[in-house]
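Novice: Following this message is one structure expressed as structure tokens.
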Amino acid sequence: VKPWIKTSLAPGSGVVTKYLLQSGLQEYLNKQGFHIVGYGCTTCIGNSGDLDESVASAISENDIIAAAVLSGNRNFEGRVHALTRANYLASPPLVVAYALAGSVDIDFDKEPIGTGKDGKSVYFNDIWPSTEEVAEAVQSSVLPNMFKSTYEAITKGNPMWNQLSVPSSTMYSWDPKSTYIHEPPYFKNMTMEPPGAHGVKDAYCLLNFGDSITTDHISPAGSIHKDSPAAKFLLDRGVERKDFNSYGSRRGNDEVMARGTFANIRLVNKLLNGEVGPKTIHVPTGEKLYVFDAAMRYKDAGHDTIVLAGAEYGSGSSRDWAAKGPMLLGVKAVIAKSFERIHRSNLVGMGIIPLCFKSGEDADTLGLTGHERYTIDLPRKIDEIRPGQDVTVTTDNGKSFTCTVRFDTE
């Protein structure tokens, strides 16, 4: 494997270790640097570790579009590692082939993967196994007893887990010092009667997006960046950087997750005029702040916020935190050209109003910059709200336009 390539092997199950050893394959994977580093959600949640410092510096200093090839199921920009912008899903043997080639910019049909000990070029066809060879390996190495023995011992094999003390109370006793599990604020001040509908008055625009903002741009995912608000929160509580872990592992702590909302380092926010990153402009002061810090400043001053977006807002895998996070930041509405259907529903569930621009219109054609204040005239009485009805949105600089409210069911 080429020296600039980072390799790791994180199977979904402990059974894989057994059949890789049984087949003799693990010995050769180790020689190529594909040692087993862990199990489960590792690579595609950003947990395969840091890049070599010299490689990381080369990518940053030269603005290289670095690529990852993984056999997981998540390949959003910056997800595998903050510095990998192009991420490709492939089968495990293809991952190895690309690692040997040292680049994704290769035509396996025509270009050699490398040079053999005899000095001759080695092509993809030379190393790719036949279907028969694969079937034979599976038959002789993937054995039923491996599954039985692995899962039989699942409750015995982790002393740390087994030694955890479990309180006998029926209610969960929240540990205020825990940075992993925190009592969420959703149910504070909840009344027995629903509070009814409410519009939005004089809201500031927190973020102004173009098309294809995915749940990965919105929701905290992957490793926690050392300079982020979430990192500051953990450092202030005595957590060392090596113990930051990932947003995925800390999803039970709303304090961490709210700080990680819109914290994707590849975020493109029009308020920043082309600069890429997890920051925005606090409109009243013109200051450039992390999104979380700007949101808290609006919240502390008693101001609502909205998000402007293009088409396919919330596309990608359905993620609860993509709706919970914006709600905790104080976002009251998202005005977009279109929504991914599950994310639209999740927004409604968290009390955020999804609005669609009329066909042929968007923030740009209406001349909206995101520096305006927005008022959404939603009927106060529930029985006056209809699926897909029109509402008027007005701004403090005299603009007025009609949007469709995307409450899609009675």
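The values are calculated or read from the model by the stated rules, or taken from the named source; none is laboratory data. The shown structure was predicted, so the numbers you read here are calculated from the model rather than taken from an experiment. Backbone-built Cβ (ideal geometry, glycine too); neighbour counts: all protein chains shown. Only protein heavy atoms, including side chains, enter the accessible area calculation; ligands, DNA and RNA are left aside. Shrake-Rupley method; radii C 1.70, N 1.55, O 1.52, S 1.80 Å.
Novice: Of the listed peptides 214-223, 270-279, 329-338, what is their order by residue-averaged count of other C-beta atoms within 10 Å, with the highest listed first?
Specialist: The packing order, highest mean first, is 214-223, 329-338, 270-279.
Novice: I'd like the antiparallel share, as a percent to the nearest 5, of DSSP beta bridges with both residues in region 200-405.
Specialist: Antiparallel: roughly 60 percent of the beta bridges in region 200-405.
Novice: Right, here's the next one. Output the peptides 49-58, 88-97 sorted from most to least packed, where packing is the average of other Cβ atoms within 10 Å over each peptide's residues.
Specialist: Taking the mean over residues of other Cβ atoms within 10 Å, the ranking is 88-97, 49-58.
Novice: Compute the FRET efficiency between Ile154 and Thr191 as 1/(1 + (r/R0)^6), taking r as their Cβ-Cβ distance and R0 = 51 Å, and round to the nearest 0.05.
Specialist: 0.70
Novice: Using a Förster distance of 30 angstrom, determine the FRET efficiency expected from the C-beta separation of Thr369 and Asp390, and round it to 0.05.
Specialist: With R0 = 30 Å, the Cβ-Cβ based efficiency is 0.80.
Novice: Could I ask something else about it? Can you tell me how region 243-356 classifies by the Cα gyration tensor, rounded, prolate or oblate, using a/c under 1.5 as the rounded cut?
Specialist: Because its axes are fairly even, with a/c under 1.5, region 243-356 counts as rounded.
Novice: Would you mind checking the radius of gyration and Dmax of the chain based on alpha-carbon positions, in Å?
Specialist: Gyration radius and largest Cα-Cα distance of the chain: 25.1, 81 Å.
Novice: Starting from the Cα of Lys332, draw a straight line to each of the lysines and keep only those under 24 Å, dropping any in the same chain fewer than 8 residues away.
Specialist: Excluding near neighbours in sequence, the set is Lys188, Lys201, Lys270, Lys279, Lys288, Lys299, Lys324, Lys358, Lys381, Lys399.
Novice: Calculate one ³J(HN,Hα) per residue across region 209-220 by plugging θ = phi - 60° into the Karplus curve 6.51 cos²θ - 1.76 cosθ + 1.60, and present them in order as whole Hz with x for glycine and proline.
Specialist: 10, x, 7, 6, 7, 8, 4, 6, 6, 7, 8, x
Novice: Can you tell me the convex hull volume per residue for region 271-322, based on C-alpha atoms, in Å³ to the nearest whole number?
Specialist: Residue-normalised Cα hull volume stands at 114 Å³.
Novice: Semi-axes of the equivalent ellipsoid of region 174-246: what are they in whole Å, largest first, if each equals the square root of 5 times a C-alpha gyration tensor eigenvalue?
Specialist: 29, 23, 12
Novice: While we're here: Considering only DSSP beta bridges whose two residues both sit in the chain, what percent are antiparallel, to the nearest 5?
Specialist: 50 percent
Novice: Another one. What is the percent carbon and sulfur in the accessible area of region 200-405, measuring with a 1.4 Å probe over the protein chains and ignoring ligands?
Specialist: Looking at region 200-405 in its full context, I get 46 percent from C and S.
Novice: While we're on this one: First measure r as the distance between the Cβ atoms of Glu410 and Leu29, then evaluate 1/(1 + (r/R0)^6) with R0 = 56 Å and state the FRET efficiency to the nearest 0.05.
Specialist: E(calc), rounded to 0.05, equals 0.50.
Novice: Measure off 7 Å from each Cα along the Cα-to-Cβ vector at Glu136 and Trp4, then give the distance between these two points in nanometres to one decimal.
Specialist: 3.8 nm
Novice: Can you tell which of Gly238, Gly33, Gly72 shows the greatest fluctuation in a Gaussian network model of the chain with Cα springs below 10 Å?
Specialist: Residue with maximal mean-square fluctuation among Gly238, Gly33, Gly72: Gly238.
Novice: Please compute the volume of the convex hull spanned by the alpha-carbon atoms of region 200-405 and report it per residue in Å³.
Specialist: Given the Cα convex hull of region 200-405, per-residue volume reads 119 Å³.
Novice: Rounded to the nearest Å, what's the spacing between the alpha carbon centres of region 30-89 and region 223-302? Just the number, please.
Specialist: Cα centres, region 30-89 to region 223-302: 22 Å.
Novice: Summarise the long-distance tail of P(r) for region 14-155 by giving the % of C-alpha pairs beyond 17 Å.
Specialist: Counting pairs separated by more than 17 Å, the tail of P(r) holds 70 percent.
Novice: Turning to a different aspect of this structure: Calculate the all-directions average of the projected area of region 1-84's alpha-carbon convex hull, and give it in nm².
Specialist: Its average projected convex-hull area is 5.6 nm².
Novice: For the chain, report the accessible area per residue in Å² (1.4 Å probe, heavy atoms, rounded to an integer).
Specialist: 56 Å²
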